[in-house]
Amino acid sequence: MSGGARVVLGVTGGIAAYKAVEVCRRLVDAGCHVSPIMTAGAGRFIGETTLSALASEPVRTSLWDEDSPIPHTKLGQGADVVVVCPATARLLADYASGRSADLLTATLLATRAPVVVCPAMHTEMWEHPAVQDNLSTLRRRGVTIVEPESGRLAGGDVGHGRLAEPQRIVDAVLAKLTPNDLDGLRIVVSAGGTREPIDPVRFIGNRSSGKQGHAIAAAAVRRGAEVVLVTTQAASAPSGPDVRAVETAAQMRDAVVDAAAEADVVVMAAAVADFTVAEVADSKIKKAGGVPVLRLEPTVDILAELGSRKRPGQTLVGFAAETDDVASNARSKLEAKNADLVVANDVSAAGVGFEHDTNAVVIHSAGDALEVGFSTKAQIADRILDAVVAHRLRSPGSSNR
Ligand code: CTP
């Protein structure tokens, strides 16, 4: 997986260079070792210190670094993937014509790793036949081009040529590092905390941000699965899955059960309310009416319902967000809900669970408990999917279609 994968990040001189900083941070968060290279032009837009501070090693800028006589071959040969972000028209021309003008272009020629190029420039330059010819040449040679988008450009202009959003670039890089081990599988992931309405303005909710579920859905797409993501946080959903936006436990139940009918794997990462308000007020409850008494009634336990009618070959993954007796509660849920795996986290620990970008979990299965220490939610997502793959290999009738 991306854990420890060596990514060379080349940054050239365009205003979008500032977005390379975010791409760098996200790649490091995903567990990559990022070696940055800046061209002289890039140095006019962002500081070396910024990138050095966020990458896994200091920025290199020159073919003539004192510590290494041939940095381009070292970087090029050691890379698992090389990404150029942003790529100017000059970089495209140099790379397409095989000109080794500086450390970055020399590295691009020296590497045999997959290359991802993310162009960004003004619309007129992007549309120029010379630029398009260079792109065609690179595509023909197997280079992945992350197409620019339309939107605001430097100088207040609006048009095509704006650098792709950082997450699209990160996804394209990670896709080069990822095995296609979920190819052919249909996976449903639920994410986020449900909201149970009290009246038109108020609801009962919980602290779930949906981040862990979204990370699982994104990782499953990268690994080749067809993914349905049922989420209460659709605005922050990753690109790739088929996103179904829901709000209440009842809506989540209907969307998950519907998608699960065709699914090989269901991952219930959502924090589903256990109780909902029995009588929802049609209009706003007024203070003057006194302290209201809310009668609650139970919601359907979606995971338990799926567990009670699990198809042969279907894998069910639940979560257990606990504050006490984490392991024993998780194992009880595994059994009570007929799940195959339960991912337990102690949400009272620092930096773990709700709202954080990090987590620490134990993945329980019938005969095993696998501890995944403090990591980013993206890394935890891959470990959970690894556990799903391992479980399916052990279970007869659970192969990829
Ligand atoms: N879950 C569900 N439907 C519900 C409640 C929970 O599908 N109505 C799922 C969650 O998505 C999670 C697992 O069940 O995968 C465990 O959820 P959790 O809230 O930890 O436990 P509960 O079963 O609700 O029990 P308790 O709140 O008492 O710990």
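The values are calculated or read from the model by the stated rules, or taken from the named source; none is laboratory data. From a predicted model like this one, the values you see are computed outputs, not experimental measurements. Please note: Cβ atoms are built from the backbone with ideal geometry, for glycine as well, and neighbour counts cover all protein chains shown. Note: accessible area is taken over every heavy atom of the protein model, side chains too, but ligands, DNA and RNA are not part of it. Shrake-Rupley method; radii C 1.70, N 1.55, O 1.52, S 1.80 Å.
The length gained by stretching the chain between residue 236 and residue 311 to full extension, at 0.36 nm per residue less their Cα-Cα distance, is 23.9 nm. Put simply, when 54-60, 279-285 are sorted by average Cβ atoms within 10 angstrom per residue, most first, you get 54-60, 279-285.
At a threshold of 8 angstrom on Cα-Cα distance, excluding pairs fewer than six apart, so keeping six or more, what relative contact order does the chain reach in percent?
11
In the calculated pair-distance distribution of region 1-128, the portion above 18 angstrom amounts to 48 percent of the Cα-Cα pairs. With the highest mean first, a sort of the peptides 84-90, 175-181 on other beta-carbon atoms found within 10 angstrom per residue produces 84-90, 175-181. Spin-label model, residue 395 to residue 366: label points 7 Å out along the Cα-to-beta-carbon direction sit 0.9 nm apart. Would you tell me the accessible area of residue 95, worked out with a 1.4 angstrom probe on the heavy atoms of the protein chains, in Å² to the nearest 10? Around 30 Å² of this residue is reachable by solvent. Taking 19 Å as the cut-off, the amide N atoms of region 76-104 that come nearer than this to a point 7 Å along the Cα-to-beta-carbon line of residue 149 belong to 84-88. Taking label positions 7 Å along the Cα-Cβ direction at both residue 261 and residue 18, the computed distance is 5.0 nm, reported to one decimal.
As a test of the definition: which semi-axes, in Å, follow for region 240-298 when you take the square root of five times each eigenvalue of its alpha carbon gyration tensor? Largest first, please.
Details: eigenvalues 219, 30, 17 Å².
Sorted largest first and rounded, they come to 33, 12, 9 Å.
The solvent-accessible area of residue 15, taken with every protein chain present and a 1.4 Å probe, is close to 100 Å².
Please compute the length gained on full extension between residue 199 and residue 325, using 0.36 nm multiplied by the number of residues separating them and subtracting their Cα-Cα distance.
On the way: separation 126, 0.36 × 126 = 45.36 nm, distance 3.56 nm.
Between residue 199 and residue 325, full extension yields an extra 41.8 nm.
Quick one: plug the Kirkwood hydrodynamic radius of the chain (C-alpha pairs) into Stokes-Einstein at 25 °C, 0.890 mPa s, and report D in µm²/s. Numbers along the way, then the final one.
Details: Rh = 23.2 Å.
Rounded to a whole number, D works out at 106 µm²/s.
In this simple spin-label approximation, residue 275 and residue 294 carry label points 7 Å from Cα along the Cα→Cβ vector, and these lie 0.9 nm apart.
Using every pair of separate Cα atoms, the Kirkwood estimate puts the hydrodynamic radius of region 139-213 at 17.1 angstrom. Here the translational diffusion coefficient of region 78-216 follows from Stokes-Einstein with Rh set to the Kirkwood radius across Cα pairs; for 4 °C and 1.567 mPa s it amounts to 72 µm²/s. Here region 186-394 is described by how far its Cα atoms reach on the three principal axes: 60, 35, 32 Å, from widest to narrowest. With the convex hull drawn over the C-alpha atoms of region 206-281, the volume per residue is 97 Å³.
Based on Cβ point charges of +1 for Lys and Arg and -1 for Asp and Glu, what charge dipole magnitude is obtained for region 74-233 about its Cα centre, in debye rounded to the nearest 20? Please list the in-between numbers first.
Numbers: 18 positive and 16 negative charges, 83 e Å.
In debye, rounded to 20, region 74-233 gives about 400.
Close amide H pairs (under 5 Å, H built 1.01 Å from N) link residue 84 with 10, 116, 117, 118, residues at least 5 positions away or on another chain.
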